[in-house]
Amino acid sequence: MRNVLHFKRLDEASGDTVELTFEGEPVTARAGETVAAALLAAGHISGRQTPVSGSPRGPYCMMGACFDCLVEIDGEANRQGCMTQVRDGMVVRRMTGARDVDRGSAA
Amino acid sequence: MSERFDVAIIGAGPAGLAAAGVLGQAGCSVTLLDEQAEPGGQIYRGIGSASGPRKSVLGADYAAGASLLPSLAHDSVTHIAGATVWEVTPERDIYYSQAGKASGLKAEHVLVATGATERPMPFPGWTLPGVMTAGAGQILLKTAGMLPPSPCVLAGSGPLLFLIAAQYLAAGFKIDAIVETTPRGNLAKALPHLPGALLNNKYLRKGLAMLASLRKAGIPHYKASTSLVAEGDGQVEALKFTSGGKPHRLACASLLIHNGVVPNVQISRSLNLDHAWDSLQHCWHPVTDASGATSLAGFRVAGDGGGIAGAEAAAHGGRLAALAILEDLGKITGGERQARSSDDSAALKWHGRARPFLDALYAPAREFLEPADSTIVCRCEEVTAGKIREFVDLGCLGPNQAKSFGRAGMGPCQGRYCGLTVSSVIAAKLGKEMDEVGYYRIRPPLKPITLRELASMDLDDDADERPAA
Ligand SMILES: Cc1cc2nc3c(=O)[nH]c(=O)nc-3n(C[C@H](O)[C@@H](O)[C@H](O)COP(=O)(O)OP(=O)(O)OC[C@H]3O[C@@H](n4cnc5c(N)ncnc54)[C@H](O)[C@@H]3O)c2cc1C
Ligand code: FES
């Protein structure tokens with residue numbers, strides 16, 4: 001991607017920090033924020049590609065409704081980044097290809 | 001099913017919190033479930049942890065939400081945070097997941113207070129990374145103190161669009177443009193409702209003050225914009241549109257879009273409660289009486305999930321529903337309920353006065369209700385408006401058939417961001433009313449759950465009651 005676009009923190013200096021990685025790259029987050037917020041602040045605006053056409057997607061609603069923030073977290077696929085709080089040492093990966101957890105697939 | 005409660009409230013926004021306060025004070029056992037980490041709902045997201053400066057940026061209406069938090073202090077009220085409800089049965093069994101573990105509980109009464117979601121705003125390019133709802137931008141500000149990258153363009157219609165622009169301004173962040181899509185003809189349709197709205201002109205005054213502050217800051221404001229297209233290679237780079245008879249192209253690194261809010265009907269639909277089409281608000285809402293009672297005994301709905309009326313009205317509605325539940329539980333008499341309801345009933349009416357004017361003024365533009373053929377309407381399964389029209393040509397008569405024709409609405413969002421559009425595209429193509437065409441049937445689980453979560457459910461005597469998910 002050509003330009004890296006960061007969300008900016010209003011109070012950059014404050015808050016405890018948490019270290020995670022996205023695709024192996026270190027990401028410094030603030031305790032209490034969500035994985036989706038942390039990735040946006042680090043300039044990762046897309047965390048997945050759609051299973052249908054392979055188009056990139058990134059967080060859209062930030063309230064748990066759209067599922068465009070899905071990422072792999074600590075080895076578990078299809079986690080909602082906007083609904084998961086950051087933890088030290090978290091390993092976050094991009095999701096590509098087929099989505100294996102569809103609604104109702106638990107049966 | 002081990003735990004039993006007098007009342008289960010789903011949603012800890014103003015409606016759910018206000019109800020919990022009334023019920024907790026009366027000593028009822030209440031469980032308040034919300035999938036967010038903190039109480040407050042959409043308007044008061046992060047209210048318990050927002051710093052003083054963040055509160056002043058977000059404004060007095062936001063800060064006022066803190067007054068609802070003492071509801072949670074009652075001993076008999078249990079707030080289960082981070083709990084996503086994925087099934088509610090007509091027998092009032094509630095299943096939810098929290099931190100990767102599924103659990104169930106049973107309640108005598110259920111209050112659904114799940115609020116609103118932003119109305120779908122499909123146009124070419126709305127799926128590009130960097131395009132987000134304005135509500136998402138606001139959530140990032142409320143919960144993480146974050147501002148979007150510049151240049152930032154806000155596009156769409158409705159009071160929230162201007163509120164967010166004003167909150168950004170208060171945070172020292174000047175967005176680069178507002179591309180308003182409110183159709184030109186709306187004002188004339190709204191004017192007959194103006195006398196009613198003047199009886200409660202609080203919203204009007206606030207709205208005008210907000211618009212004035214944006215004008216004063218010199219933010220370009222394109223009115224009655226049409227033909228929106230977001231462009232970009234892998235991420236949003238520009239918004240193209242027509243306004244004032246001229247084509248425009250604005251470069252942007254973030255594009256926040258908004259097209260009003262509509263009731264979140266996932267739970268009420270999954271229970272097959274009666275719903276009515278509201279032609280002024282352009283949405284369905286569950287049919288309720290003044291206390292939120294639905295077509296199914298034991299289930300009430302309060303707040304914006306029952307019809308859009310705003311946060312203050314949501315709190316009044318929550319209290320009215322709670323008082324009715326107290327009467328049902330035999331904790332107060334009918335007379336007591338009436339006496340205690342009068343203030344909230346009057347306030348609810350007062351808040352309602354401003355609605356018809358606002359609803360008519362900000363009625364959504366046609367181009368988002370019946371998008372051009374190439375526009376993706378179902379984000380999850382990437383089904384275009386043109387495909388839906390093709391399905392109709394092939395004999396598809398409604399949204400549920402559209403699922404089998406081409407998976408529209410079958411992705412994980414379960415139609416939250418395409419249901420209204422798919423119904424309106426089909427209705428327009430068939431020349432029918434929305435009510436005739438109907439809405440998706442919503443089936444549990446309301447959110448995807450993993451096998452691991454299901455397997456984590458505590459098995460006990462009535463394990464056979466467990467739903468087949
Ligand atoms: C993104 C967004 C931002 C908004 N911002 C403002 C604003 O700044 N100012 C304003 O006046 N109005 C705002 N609104 C309008 C909003 O609807 C308010 O009027 C108000 O928040 C409604 O209160 P409520 O109690 O009805 O629902 P909400 O406040 O929406 O609360 C509903 C709660 O239910 C929870 N929930 C939903 N489904 C489930 C489930 N399946 N399981 C568990 N929990 C669930 C949600 O997490 C949420 O906390 C906003 C709406 C949206 C969608
Ligand atoms: S951004 Fe929509 S579900 Fe997370």
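The values are calculated or read from the model by the stated rules, or taken from the named source; none is laboratory data. This one's a predicted model, so the numbers in the text were calculated from it and none came from an experiment. Here Cβ is always computed from backbone atoms with ideal geometry, including for glycine, and neighbour counts include all displayed protein chains. Heads up: the accessible areas ignore ligands, DNA and RNA and are worked out on the full protein's heavy atoms, side chains in. Shrake-Rupley method; radii C 1.70, N 1.55, O 1.52, S 1.80 Å.
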Pairs only if they're at least six apart or on different chains, beta carbon under 9 angstrom, first in the range B:440-461 and facing chain A (nearest Cβ under 8 Å), second away from ligand 1 (no atom under 16 Å from the Cβ) and modelled with pLDDT of 90 or more; list them, first residue then second. B:448/A:78; B:450/A:76; B:450/A:78
Please note which helices (runs of 4 or more DSSP H) are completely contained in the range B:317-408 and include at least 3 residues that are more than 30 Å from residue B:188 (Cα to Cα) and hydroxyl-bearing (Ser, Thr, Tyr). B:334-353
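Yes or no, residue by residue, for (1) within 14 Å of another protein chain (Cβ to nearest Cβ); (2) open to solvent by 30 Å² or more (accessible area, probe 1.4 Å):
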site	(1), (2)
B:321	no, no
B:324	no, no
B:329	no, yes
B:367	no, yes
B:380	yes, no
Going residue by residue through the range A:27-48, is there one that turns out to be acidic (Asp, Glu) and without any contact (Cβ under 8 Å) to a residue 40 or more places away in the chain? no
How many residues are crowded, with 21+ Cβ neighbours inside 10 Å and either of a type in the set (S, T, N, Q) or within 18 Å of residue B:278 (Cβ to Cβ) (or both) if we restrict to the range B:395-414? 2
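What strands (runs of 3 or more DSSP E), lying completely within the range B:221-273, carry at least 2 residues that are under 21 Å from residue A:61 (Cα atoms), out of contact with any Asp or Glu (no Cβ under 9 Å at 6 or more places or on another chain) and open to solvent by less than 40 Å² (accessible area, probe 1.4 Å)? Can you show your working first?
Numbers: elements: B:226-231, B:238-243, B:246-251, B:254-259, B:261-263.
Where strands (runs of 3 or more DSSP E) fall fully within the range B:221-273 and carry at least 2 residues being under 21 Å from residue A:61 (Cα atoms), out of contact with any Asp or Glu (no Cβ under 9 Å at 6 or more places or on another chain) and open to solvent by less than 40 Å² (accessible area, probe 1.4 Å), they are B:254-259.
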Name the residue, out of B:65, B:115, that is within 21 Å of the chain's Cα centre (by Cα) and within 16 Å of ligand 2 (Cβ to nearest atom). B:115
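Yes/no matrix, rows are residues, columns are (1) open to solvent by 60 Å² or more (accessible area, probe 1.4 Å); (2) more than 7 Å from chain B (Cβ to nearest Cβ); (3) part of a strand (DSSP E or B); (4) among the hydrophobic types (A, V, I, L, M, F, W, C):
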site	(1), (2), (3), (4)
A:18	no, yes, yes, yes
A:52	yes, no, no, yes
A:59	no, no, no, no
A:62	no, no, no, yes
A:65	no, no, no, yes
A:82	no, yes, no, yes
A:89	no, yes, no, no
Single residue of the range B:158-201 satisfying the filter (in contact with a Lys or Arg (Cβ under 6 Å, 6 or more places away or on another chain) and not in a loop (DSSP other than H, G, I, E, B)) that is nearest to residue B:220 (Cα to Cα): B:180
Just to be sure before I move on: is residue B:333 surrounded by fewer than 24 Cβ atoms within 10 Å (Cβ to Cβ) and within 23 Å of residue B:427 (Cα to Cα) in the structure I sent? no
Going through B:83, B:64, B:99, B:73 one at a time, which residue ends up being over 25 Å from residue B:154 (Cα atoms) and touching a Ser or Thr at 6+ places or on another chain (Cβ under 8 Å)? B:83
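Please find, among B:25, B:98, B:42, the residue that is under 21 Å from the mean Cα position of the chain (by Cα) and among the polar types (S, T, N, Q). Outline the logic, then answer.
Values: B:25 fails: under 21 Å from the mean Cα position of the chain (by Cα); B:98 fails: under 21 Å from the mean Cα position of the chain (by Cα).
After ruling out the rest, the residue left standing is B:42.
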Screening B:189, B:174, B:142 for residues that are among the charged types (D, E, K, R) and within 16 Å of ligand 1 (Cβ to nearest atom) leaves only B:142
